[in-house]
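In what follows, a single structure is set out as structure tokens and then discussed.
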Amino acid sequence: MAWTVRSTQDVTYRVQQSESVFDPANDALASVAGLGRGSRRLVIVDRNVDRLYGEAIRAYFAAWTDTRPTFLVLEPDEAAKTSDALLLITRAAVRAGINRRSDPIVAIGGGVVTDLAGLAASLYRRGTPFVRIPTTLIGLVDASVGAKTAINFDGHKNRLGTYFPAAHTLLDRTLLTTLPARHIRNGLAEIIKMAVMKDAALFSLVEDEADALVTRRFDTPHAPEIIERSVTGMLEELEPNLWEHELKRLVDFGHTFSPVIEMHAAPELLHGEAVSIDMAFSCALAHENGLLGHEETLRVLRLLHRTGLPIRHAVCDLDLLRRGLDDATGHRDGHQHVPLPTGIGEATFVEDITTEDLKRAMAFLDAYAPATGGRTPALERDASAALETVAP
Ligand SMILES: NC(=O)c1ccc[n+]([C@@H]2O[C@H](COP(=O)([O-])OP(=O)(O)OC[C@H]3O[C@@H](n4cnc5c(N)ncnc54)[C@H](O)[C@@H]3O)[C@@H](O)[C@H]2O)c1
């Protein structure tokens with residue numbers, strides 16, 4: 001006798017914009033977190049976010065429920081994305097006595113906190129709902145939009161994780177006013193990724209305000225539309241492929257060579273900075289293979305430069321780039337599936353990149369932005385000097 005069990009799972013989640021989410025007059029958070037009399041809630045907050053917004057967050061909960069939530073403040077940054085933090089959240093969930101279905105965990109922070117809280121929520125009683133409020137640009141346009149959760153393990157990034165989207169996500173652009181400039185640029189890399197792959201209008205909007213977006217922390221006329229278009233574009237790509245069964249993904253632009261670059265330059269480069277270097281190299285590759293015109297290639301390089309993102313790094317030698325391509329091919333089930341632009345807002349997948357192609361792309365980029373070494377400030381300085389030759 002043999003039995004075959006077949007079952008499907010419906011996945012529905014909501015991402016919505018809301019400004020000033022911690023203002024007690026704004027009911028968005030109370031509504032998505034189901035706050036009311038006797039609500040027991042576990043609220044997980046990044047330490048820097050707690051320092052800046054902790055008082056407002058506590059006042060918000062005090063205004064909407066008569067029960068004090070259990071707060072867990074987590075250490076910031078990538079090094080905190082560990083199994084220890086995961087167990088800490090689990091202990092706090094037990095202590096808070098949250099119900100399995102009706103007491104969603106609330107996560108407030110950057111990608112580190114929302115990835116951690118999401119993984120904990122997916123494991124706690126095999127799945128407890130959670131809601132998230134991203135507080136970084138990467139969170140707003142990337143980490144808090146999809147379904148992936150993760151922690152780092154044994155020196156490997158995001159090695160343990162699940163697909164478990166938050167039931168509700170609130171995007172509040174005003175939280176970016178306190179974010180350090182480097183983290184704004186970090187998020188801009190993912191926005192430029194979406195723009196180059198599929199949204200020429202988004203590219204122009206970012207071009208128009210490249211400097212102001214950083215200096216004014218997204219408090220600019222185009223900022224709401226830039227965030228809206230990025231999230232829409234991202235969700236269009238994710239929704240039909242939430243579990244990544246299809247490995248030809250436009251959102252992998254900038255993510256072919258960047259994992260090895262990030263690993264070898266660690267801890268110097270942020271993720272978005274490595275993605276930027278990958279995007280610059282990928283554009284050079286597209287140019288050298290006759291896919292992307294000269295002017296359009298320079299347009300992308302110029303925009304990366306103007307936002308203050310690096311486009312070269314000393315670790316990027318031919319060996320490393322070849323290894324990056326081979327690793328990516330492994331991850332993509334034996335196919336290169338490298339997304340390359342064919343214009344601004346248009347792309348194709350390439351399957352036959354050779355070492356010779358990599359060499360020519362490196363030479364192209366060298367002509368505009370010689371490889372640099374040293375730390376990120378030096379990198380930015382060098383990139384800016386090098387791009388003088390690119391700028392008209
Ligand atoms: N799940 C996904 O699909 C996905 C997608 C992209 C990235 N990620 C993950 O996201 C992580 C990176 O996220 P990140 O860039 O948000 O990093 P992060 O969470 O480490 O936050 C960056 C820094 O900003 C601080 N911060 C956060 N909000 C702030 C605010 N409003 N004002 C001032 N400071 C603030 C934090 O304390 C931290 O020091 C990585 O671990 C990455 O793997 C996940």
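Determine, yes or no, whether residue 155 is modelled with pLDDT under 95 and not polar (S, T, N, Q). It is true that residue 155 is modelled with pLDDT under 95 and not polar (S, T, N, Q). Across region 137-164, which residue is nearest to the ligand (Cβ to nearest atom) among those that are open to solvent by less than 30 Å² (accessible area, probe 1.4 Å) and part of a loop (DSSP other than H, G, I, E, B)? Only one residue fits best here, namely 146. Here is a check on your reading of the model: is residue 217 in the same structural domain as residue 134 (by TED's automatic domain parsing) and touching a helix residue (DSSP H, G or I) at 6+ places or on another chain (Cβ under 7 Å)? Against the criterion (in the same structural domain as residue 134 (by TED's automatic domain parsing) and touching a helix residue (DSSP H, G or I) at 6+ places or on another chain (Cβ under 7 Å)), residue 217 does not qualify. Evaluating residue 219 against the criteria (1) touching a Ser or Thr at 6+ places or on another chain (Cβ under 9 Å); (2) open to solvent by less than 50 Å² (accessible area, probe 1.4 Å) leaves one unmet condition, (2). Flag: residue 187 matches the condition of being within 28 Å of residue 83 (Cβ to Cβ) and either buried (at least 22 other Cβ atoms within 10 Å of the Cβ) or away from the ligand (no atom under 14 Å from the Cβ) (or both). In a residue-by-residue description of region 270-278, the property of being of a type outside the set (Asp, Glu), outside any helix (DSSP H, G or I) and touching a residue at least 40 places away in the same chain (Cβ under 8 Å) applies to at least one position.
Evaluate region 316-329: report whether one residue or more is modelled with pLDDT of 95 or more, more than 21 Å from residue 263 (Cα to Cα) and open to solvent by less than 30 Å² (accessible area, probe 1.4 Å). No, every residue in region 316-329 fails to be modelled with pLDDT of 95 or more, more than 21 Å from residue 263 (Cα to Cα) and open to solvent by less than 30 Å² (accessible area, probe 1.4 Å). Considering 236, 228, 262, which residue is on the phi < 0 side of the Ramachandran plot, out of contact with any strand residue (DSSP E or B) (no Cβ under 8 Å at 6 or more places or on another chain) and either open to solvent by less than 70 Å² (accessible area, probe 1.4 Å) or at pLDDT 95 or above (or both)? Within the list 236, 228, 262, the selection yields 236.
The set of residues in region 165-184 being more than 9 Å from the ligand (Cβ to nearest atom) and under 29 Å from residue 124 (Cβ atoms) consists of 165, 166, 167, 168, 169, 170, 171, 172. For region 40-83, filtered to residues that are under 21 Å from the mean Cα position of the chain (by Cα) and hydrophobic (A, V, I, L, M, F, W, C), the residue that is most open to solvent (accessible area, probe 1.4 Å) is 79.
The values are calculated or read from the model by the stated rules, or taken from the named source; none is laboratory data. From a predicted model like this one, the values you see are computed outputs, not experimental measurements. Note: ideal-geometry Cβ built from the backbone for every residue, glycine included; neighbour counts use all protein chains shown. Ligands, DNA and RNA are excluded from the accessible area calculation, which covers all protein heavy atoms including side chains. Shrake-Rupley method; radii C 1.70, N 1.55, O 1.52, S 1.80 Å.
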